[in-house]
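Taking it in order: structure first as structure tokens, then the write-up.
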Amino acid sequence: MFGRRAFVAGSVAATALPVFAARRAPPPPKVGAIRWPGPGHDLHGFMAIPAKAHGRQPAVLVVPDTTGADRFALGLADSLALAGFVACVPRALASLDDALATVRWLATNRYATGKVAAIGLGWGAELTDRIVGSSPALLAAGVTFGASGGEAGALPVLRFGAVGTLSSDAYDRAWQQTLIFLKEQLA
């Protein structure tokens, strides 16, 4: 009987104290399948928007690896939305023209501020470098997770090893650095 009372008392205390209330998970992002105009064809993908967003938010294009919009890329979009960004993950980007059309669309999207960054994963890291090199007027910054041979350009780029090569601690540190970098570059 004492165990049950202690549990109930602890539950009541947990909901009453602000310290415990702060630990509640934030509401999940609004996620949906979307399409936007590409170069001569429609592009398809997914968008995550912060649930408690008021007004427009900075946008991040998640450029997936060759596997396309997999669970990791979609989870990354959710995490970006929870951090306050509008995130878009294309199902696949076949060319630089597709990627640039996506950046243009994100910059003018009704949920976004007009400032866009890109995060490249695996093969997407190389495409992100190509986007950074060809559209400094469209993009604010880039982050790459993977082998990218990009040269230092006019835009700031944060580079990490491939996600699969990072330990859990190294990935956590890289993710925190990424969020700080994106907030600074897209402010």
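Residues Thr128, Thr113, Thr144: which one is among the polar types (S, T, N, Q), crowded, with 18+ Cβ neighbours inside 10 Å and closer than 25 Å to Arg56 by Cβ? First the steps, then the outcome.
Working: Thr113 fails: crowded, with 18+ Cβ neighbours inside 10 Å; Thr144 fails: closer than 25 Å to Arg56 by Cβ.
None of the others qualify; the one that does is Thr128.
Here Gly55 does not fit the description of being open to solvent by less than 20 Å² (accessible area, probe 1.4 Å), at pLDDT below 90, touching a strand residue (DSSP E or B) at 6+ places or on another chain (Cβ under 9 Å) and not in a strand (DSSP E or B).
Selection of first residues in the stretch 58-73 that are over 13 Å from Ala99 (Cβ atoms) and at pLDDT 90 or above and of second residues that are open to solvent by 60 Å² or more (accessible area, probe 1.4 Å) and aromatic (Phe, Trp, Tyr), restricted to Cβ pairs under 6 Å at least 6 apart or on distinct chains, gives the following pairs, ordered by first then second residue: Asp65/Trp123. So, of the residues in the stretch 147-167 that are within 16 Å of Val62 (Cβ to Cβ) and of a type in the set (Val, Ile, Thr), which turns out to be modelled with the highest pLDDT? Of everything passing the filter in the stretch 147-167, Val157 is modelled with the highest pLDDT. Annotation: Thr108 fulfils all but one of (1) surrounded by fewer than 19 Cβ atoms within 10 Å (Cβ to Cβ); (2) free of Cβ contacts under 8 Å to residues at least 40 places away in the same chain; (3) more than 20 Å from Met47 (Cβ to Cβ); (4) not basic (Lys, Arg); the unmet one is (3).
Ala92 meets the stated requirement of being over 21 Å from Glu184 (Cα atoms), among the aliphatic types (A, V, I, L, M) and either surrounded by fewer than 22 Cβ atoms within 10 Å (Cβ to Cβ) or in contact (Cβ under 8 Å) with a residue 12 or more places away in the chain (or both).
If a residue has to be assigned to a loop (DSSP other than H, G, I, E, B), more than 21 Å from Ser135 (Cβ to Cβ) and free of Cβ contacts under 8 Å to residues at least 40 places away in the same chain to count, how many in the stretch 25-52 make the cut? Residues in the stretch 25-52 being assigned to a loop (DSSP other than H, G, I, E, B), more than 21 Å from Ser135 (Cβ to Cβ) and free of Cβ contacts under 8 Å to residues at least 40 places away in the same chain: 5 in total. Exactly one residue among Tyr111, Tyr171 is within 15 Å of the chain's Cα centre (by Cα), of a type outside the set (D, E, K, R) and more than 29 Å from Arg35 (Cβ to Cβ), and that residue is Tyr171.
The values are calculated or read from the model by the stated rules, or taken from the named source; none is laboratory data. Keep in mind the model is a prediction, meaning the values are calculated, not measured. Glycine also receives a Cβ, built like all others from the backbone with ideal geometry; neighbour counts cover every protein chain displayed. Ligands, DNA and RNA are excluded from the accessible area calculation, which covers all protein heavy atoms including side chains. Shrake-Rupley method; radii C 1.70, N 1.55, O 1.52, S 1.80 Å.
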